[in-house]
Amino acid sequence: MKNVITSEVGKKYIEKRKIMIIMDLKVNNFFAFRNFHLNMSYPKKIVDSYIDHEFLIGRENFRYKKVNILMGGNATGKTSIGQMLMAILNFINRKESIHLTEKISNKAEEASISVDFVGDTYKMYRVDIKIFSTQDVKDDYNYIINVCTRSAKINKQDRYETCVEKIESLPLKYNRDYTEELEKIEPLGWMFTYPADSFDKKFRCARTRNYLKILDYSLRALDPAILCVKKLNGVDDAYIIHMDSKDLIIQDGKVILSNILSSGTKAGIDIAHIIAEIFEGNCGFYYCDEKFSYIHSDLEKAFLSVMVEGLKNNSQLFFTTHNSDILDLQYPKHTYTFLKKDIHDESQPIKCVYASDYLKRNTDSVHNAIDNDLFSTSPDVELVYKIAEIGQNM
């Protein structure tokens with residue numbers, strides 16, 4: 001089952017294989033990103049951490065952020081980071097350039113990507129991508145895509161930084177035959193899940209051993225009116241939601257009479273899916289984007305805790321949220337990255353602010369730092385209050 005994609009519905013989202021750990025991402029001229037940089041390494045081992053094994057098993061010096069909680073105001077790039085990563089991974093796997101070129105911001109300028117990641121054979125890769133475009137007489141764009149793939153074996157004493165040195169000692173030679181260049185990379189595994197309206201209205205139903213039980217518990221936690229969830233015998237990918245008043249059916253990723261369920265309960269179907277996949281441990285890399293917008297804060301904290309606890313060794317979770325109560329979870333400070341948008345800085349309008357760069361003591365509170373706007377990431381509410389002035393002058 002190593003190279004099998006789980007389902008037709010999931011093709012856009014899942015490649016089920018093994019290890020996939022993102023260590024570093026640099027993006028320029030895609031979406032609103034210019035000279036954007038996100039790093040997933042951390043320098044010092046955390047004693048008595050609530051997150052187990054934040055290093056490669058057998059390579060204890062190679063530390064990586066196993067859980068990455070991305071927070072920030074609206075339009076700061078939380079969803080775009082996930083879509084960018086998914087486009088890169090699809091490009092690497094399928095050799096289809098459209099996933100990248102459609103996301104270029106200014107097509108008259110060069111667009112570039114540099115991404116470091118770990119594969120299944122204790123090897124770290126760096127893929128550098130440069131894209132140039134030209135307009136033809138029909139005002140369509142033609143793209144020239146140059147790719148360079150470099151890699152370094154991760155030895156037992158290696159850190160991320162020493163592997164970077166190894167890779168940077170290799171020549172940076174771009175190849176216009178990107179299909180040939182990307183063949184140097186071993187199969188990777190990942191899973192992305194977004195709000196239901198990001199791509200389509202279908203939900204994804206996992207085919208793992210415990211999915212039905214996880215789905216049952218998740219939906220009952222989200223809606224007390226749900227009595228139980230059962231598999232519909234004799235029909236693939238079909239489940240019955242038994243409620244007080246009536247029964248609903250999930251079939252082929254669609255909920256019949258879905259208006260009966262709240263938005264939060266419907267999101268629970270996807271949440272159960274990603275939890276089931278995390279428990280199974282086949283994907284390695286998971287990106288969960290704002291699945292909890294309609295869900296109570298305490299439930300979001302509980303579900304996230306279950307996801308983190310269920311992560312296998314050599315795996316990684318990205319989790320985006322607006323919920324500041326998540327900051328009360330006792331995770332290492334390097335777990336939290338805040339995205340900040342500065343429209344006055346044309347060279348780098350979106351920046352990453354790492355809580356661990358500011359908070360050095362164990363007693364420092366990330367929540368207090370946010371409440372006091374230590375990272376200068378709070379949204380500007382001045383225009384909102386100007387709306388009140390309109391009302392006062394009517």
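The values are calculated or read from the model by the stated rules, or taken from the named source; none is laboratory data. Remember, predicted model here, so these are calculated numbers, not experimental data. Reconstructed Cβ throughout: ideal geometry from the backbone, glycine too, with neighbour counts over all protein chains shown. Heavy atoms of the whole protein, side chains included, go into the accessibility calculation; ligands, DNA and RNA do not. Shrake-Rupley method; radii C 1.70, N 1.55, O 1.52, S 1.80 Å.
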List the residues whose amide H sits under 5 Å from the amide H of Phe30, counting only those 5 or more places along or on another chain, with H placed 1.01 Å from N in the peptide plane. Ser105
Sequence-separation-based contact order of the range 92-152, relative, with Cα cut under 8 Å and 6+ spacing, percent: 28
How high is the relative contact order of the range 324-380, given as a whole-number percent (alpha carbon pairs under 8 Å, six or more residues apart)? 34
What longest region of the chain stays clear of trypsin sites (Lys or Arg not before Pro) that DSSP places outside H, G, I, E and B and that have at most 12 other Cβ atoms within 10 Å? 247-359
Pick out which of Leu89, Leu232, Leu311 has the largest mean-square fluctuation in a Gaussian network model of the chain, springs linking Cα atoms closer than 10 Å. Leu232
Extent along principal axes [Cα atoms of the range 241-394; Å; largest to smallest]: 55, 50, 33
For the range 212-348, the accessible surface attributable to carbon and sulfur atoms (probe 1.4 angstrom, ligands and nucleic acids excluded) amounts in percent to 47
Between the DSSP loop rule and a limit of at most 11 other Cβ atoms within 10 Å, which GluC sites (Glu not before Pro) in the range 60-113 are left? Glu102
Net length gained if the chain between Tyr50 and Leu257 were fully extended (0.36 nm per residue, minus Cα distance): 70.4 nm
What accessible area per residue comes out for the chain, rounded to a whole number of Å², with a 1.4 Å probe? 48
Under the definition of Cα pairs under 8 Å and six or more residues apart, what whole-number percent is the relative contact order of the chain? 22
Viscosity 1.567 mPa s, temperature 4 °C: give me the Stokes-Einstein translational D for the chain in µm²/s, with Rh taken as the Kirkwood radius over C-alpha pairs. 57
Taking the Cα centre of each part, how many Å lie between the range 51-86 and the range 207-261? 31
In this model, which of Lys66/Lys173; Lys107/Lys333; Lys78/Lys246; Lys26/Lys65 are farther than 27 Å apart at the alpha-carbon? Lys66/Lys173; Lys107/Lys333; Lys78/Lys246
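May I ask for the Kirkwood hydrodynamic radius of the range 147-271, worked out over all distinct Cα pairs and given in angstroms to one decimal?
On the way: mean 1/r = 0.0543 Å⁻¹.
After inverting the mean inverse Cα-Cα distance, the result is 18.4 Å.
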Please state, as a whole number in µm²/s, the translational diffusion coefficient that the Stokes-Einstein equation yields for the range 85-180 at 25 °C and 0.890 mPa s, with Rh defined as the Kirkwood radius across alpha carbon pairs. 167
